[in-house]
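The values are calculated or read from the model by the stated rules, or taken from the named source; none is laboratory data. This structure is a prediction, so every number in the text was calculated from the model and none was measured. Here the Cβ positions follow ideal geometry from the backbone for every residue, glycine too, while neighbour counts run over all protein chains shown.
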Amino acid sequence: MKTSIEVEYWVVDSDGRLAEPGPLADVSERTEREFVEPLFELKTPPCESISELRTALVEELEAALERAAAVDKRLVPLGTPINGDGVDRRPDERSRIREAVTGERFDAATYCAGTHIRVEERTVTDQLNALVALDPALALVNSSPYYRGERIANGARAYCYRTRSDEASPKHGPFWRYVESVDEWHRRLERRYEEFEDAAIEVGVDPEAVANNVSPDDVVWTPVRLRDSIPTVEWRSPDAALPSQVLRLADDLETVMERLHRTTVRIDGGVAGDGGREASGGGIAVDTRGPTARPGRVTSDGTVLPAFETVCDLAESAIGDGLESAAVAGYLERMGFTVGDYHPIAAQIDGRRYVTSADARDLRLEYASRLEEDVEKLRDAE
């Protein structure tokens, strides 16, 4: 199964202040600027194995770090910049239209850096549903508890996206329920786009401007997306993190996803899709015997997904408490993740109610150094 990674990093200068990427965005065809000034994104190609993925990620990072050193800049693997320094958006017509429609600037999202893991399409309905169920695995790489200096959650980035951004447009941001078919997923996306288009016209946005600048994917920020143009299924929940942490997560996730097309997939005491019907004819099967006390499991006999409401509760705990939640840690173990192998950055830097701008700069420099060391270790291990 081919897997690829996209990861965003904060760019800082030698004092730890946020800086524009400049020439870093031009290191290769797989690096580019993001929608806010101090972020840049690095991608890997689709890879047949985790070993190949590791090599591709290390090569891209080595080239980016070499260019960064030449211009006295560094890369920081944190989910938020912790505190200090205003974060400006790059001029963007899509954002202008979205803000006109919702009446919000989505400022919280500008303080967020994340990781996207893409897996090759196979049994797509099962993959979509499994990634929804696996969302609490974001706790494995939470990398910042702080937003503008305040301690808000173990996973501040996910909290911002799901609490603060969702308040502005509640239909477009939250989890989507399990689906019975890929067509159902597409219908949901089409409805959200039509609603956005109607709202844009109502506030005076030119319909042609919407058509030219906004795609259906642009009007939602759900943690799971279907990328037909690539084609892949994408999980967008994890924070930016150290490369070794991201690779470990991709490895465990790929192992779970690889099992899906060889075994049965069932929902534990829940219902599939929006209609409340038991699936049949290729839809996901529903175990109607009732929920178990310890929901979710991946075994050689099959994969059982928790009821959707249970997933929501676990995801909320993963954001709020991370791996300190025994329910989250136990669930992830049952779903195939070796939780003891993970040491999230958030747990290492947590403990303060407020982080000053000066301390935030120090933390950014500390984790820039850790990223450089991590890349060196990965390279030496090959």
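Quick notes on this one:
- Every listed requirement among (1) closer than 18 Å to Pro145 by Cα; (2) in contact with a strand residue (DSSP E or B) (Cβ under 6 Å, 6 or more places away or on another chain); (3) of a type in the set (S, T, N, Q) is met by Ser317 save one, (2).
Residues checked against (1) part of a helix (DSSP H, G or I); (2) within 30 Å of Ser369 (Cβ to Cβ):
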residue	(1), (2)
Trp185	yes, no
Gly204	no, no
Ile230	no, no
Glu234	no, no
Arg248	yes, yes
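- Residue that is farthest from Gly296 (Cα to Cα), among those in the stretch 316-328 that are in contact (Cβ under 8 Å) with a residue 24 or more places away in the chain and over 19 Å from the mean Cα position of the chain (by Cα): Glu324
- Test for Leu363: is it of a type in the set (A, V, I, L, M), under 22 Å from Asp126 (Cβ atoms) and modelled with pLDDT of 95 or more: no
- For the stretch 51-79, filtered to residues that are in a helix (DSSP H, G or I) and of a type in the set (D, E, K, R), the residue that is nearest to Ala139 (Cα to Cα) is Arg54.
- Answer from Leu189, Leu138 - the residue that is farther than 25 Å from Thr80 by Cα, modelled with pLDDT of 90 or more, part of a helix (DSSP H, G or I) and in contact with a helix residue (DSSP H, G or I) (Cβ under 8 Å, 6 or more places away or on another chain): Leu189
- Residues of the stretch 309-354 that turn out to be in a helix (DSSP H, G or I), closer than 12 Å to Leu140 by Cα and charged (D, E, K, R), as a count: 3
- Subset tally (residues that are acidic (Asp, Glu) and modelled with pLDDT of 95 or more) for the stretch 1-40: 4
- Taking (1) surrounded by 14 or more Cβ atoms within 10 Å (Cβ to Cβ); (2) of a type outside the set (A, V, I, L, M); (3) at pLDDT below 50; (4) over 23 Å from the mean Cα position of the chain (by Cα) in turn, Gly276 satisfies each apart from (1).
- For Ile117: the one exception among (1) assigned to a helix (DSSP H, G or I); (2) within 26 Å of Gly155 (Cβ to Cβ); (3) of a type in the set (Val, Ile, Thr): (1)
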